[in-house]
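Enquirer: Next up is a structure, given as structure tokens.
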Amino acid sequence: MSEHDPSYPVVAPIHPDHVEILGDPAFTDSCREVRRLTLLDTPRLANLWSLCRMCDATGTIIEVGSFRGGGALHLSNSSPDRRIIVCDSFAGFAELDATLDRGFGKHMFTDNRREDVERLFEERGRDAIVLAGFFPASAAGVEIGQISFAHVDVDVYRATKETLDFLAPLMMPRSLMVLDDFHRGAEGVEQAVAEFVADHQDFVAFPLFPGQALLVKRTWFDR
């Protein structure tokens, strides 16, 4: 534990016994496959895996903010027959708010290439589209279709807000959105989520451990 910040101690570590998803060979194989391609830890990968599988299997999966493609590949591994759209600027951040985004810098998340991410899906024969550029402008002219699961990992205020506003009308009745870096010091993400649910009364937000938000469309509960 010496490499971790002592201000955030893990007082009661997670005990893996009888945690069913950790006994799922497909899940653990995927975690091993992507561990050098993502900054997501096992609990967050477990949330993505389980929640993506709960959604309407006829809809598209989308990840916005893919970096080296590990999170997107993990989602594709959870549902390999579904179409996935993988989005990243491949150029770091477009705009940072001096107050809300002060934990981030323009030099971050630039060590990635579109070709490398595309190769991950081509080699596995997946139905994937990789979009380069700042989302949602990068989606101009692209047939996105109906989305049943979205993973938004763009870290900062404006990118999060614009992404959520763009995705909202595309989400299917049985759909979910998961955002990374919620309650993890990314004030811009928290502000964007608060504004989004205030503007879109058909969505409700819940925190997920460790450091994600779950946005649920209220139609999920319709019978």
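The values are calculated or read from the model by the stated rules, or taken from the named source; none is laboratory data. These numbers were taken from a predicted model, which means no experiment stands behind them. Using ideal geometry, Cβ is built from the backbone for each residue, glycine included, and neighbour counts are taken over all protein chains shown.
Enquirer: Could you tell me which of the residues ASP153, ASP127, ASP116 is crowded, with 22+ Cβ neighbours inside 10 Å and modelled with pLDDT of 95 or more? Let's see the steps before the verdict.
Expert: Working: ASP127 fails: crowded, with 22+ Cβ neighbours inside 10 Å; ASP116 fails: crowded, with 22+ Cβ neighbours inside 10 Å.
Residue meeting the stated conditions: ASP153.
Enquirer: While we're here: Looking at segment 137-169 only, could you name the residues that are in a strand (DSSP E or B) and among the polar types (S, T, N, Q)?
Expert: At the first step, the residues of segment 137-169 found to be in a strand (DSSP E or B) are 147-152.
Across segment 137-169, the qualifying residue is only SER148.
Enquirer: Among the numbered conditions (1) surrounded by fewer than 17 Cβ atoms within 10 Å (Cβ to Cβ); (2) within 25 Å of GLY133 (Cβ to Cβ), tell me where PHE67 comes up short.
Expert: PHE67 satisfies all of (1) surrounded by fewer than 17 Cβ atoms within 10 Å (Cβ to Cβ); (2) within 25 Å of GLY133 (Cβ to Cβ) except (1).
Enquirer: Still on this structure, I have one more. Can you pull out the residues in segment 4-60 that are basic (Lys, Arg), part of a helix (DSSP H, G or I) and farther than 29 Å from MET172 by Cα? Walk me through how you get there before you give the answer.
Expert: Step one: list which residues in segment 4-60 are basic (Lys, Arg), which gives 32, 35-36, 44, 53.
From what is left, the residues that are part of a helix (DSSP H, G or I) are 32, 44, 53.
Selection gives ARG32 alone.
Enquirer: Restricting attention to segment 196-214, which residues are in contact with a helix residue (DSSP H, G or I) (Cβ under 6 Å, 6 or more places away or on another chain), without any contact (Cβ under 8 Å) to a residue 40 or more places away in the chain and either within 19 Å of ASN47 (Cα to Cα) or surrounded by 14 or more Cβ atoms within 10 Å (Cβ to Cβ) (or both)?
Expert: Within segment 196-214, PHE196, HIS200, PHE203, ALA205, ALA213 meet the criteria.
Enquirer: Let me ask something else about it. So ALA98 passes all but one of these: (1) more than 22 Å from VAL197 (Cα to Cα); (2) within 18 Å of the chain's Cα centre (by Cα). Which condition number does it fail?
Expert: Here ALA98 meets the rest and fails (2).
Enquirer: Suppose the filter is part of a strand (DSSP E or B), in contact with a Ser or Thr (Cβ under 6 Å, 6 or more places away or on another chain), within 22 Å of SER50 (Cβ to Cβ) and hydrophobic (A, V, I, L, M, F, W, C); does MET172 pass it?
Expert: On the way: part of a strand (DSSP E or B): yes; in contact with a Ser or Thr (Cβ under 6 Å, 6 or more places away or on another chain): yes; within 22 Å of SER50 (Cβ to Cβ): yes; hydrophobic (A, V, I, L, M, F, W, C): yes.
So MET172 passes the test.
Enquirer: Give the residues of segment 163-176 that are over 10 Å from VAL64 (Cβ atoms) and either touching a residue at least 12 places away in the same chain (Cβ under 8 Å) or crowded, with 24+ Cβ neighbours inside 10 Å (or both), sorted by residue number.
Expert: Our first condition is that a residue be over 10 Å from VAL64 (Cβ atoms); within segment 163-176, this holds for 165, 168-176.
Listed by number, the residues that qualify are ASP165, ALA168, LEU170, MET171, MET172, PRO173, ARG174, SER175, LEU176.
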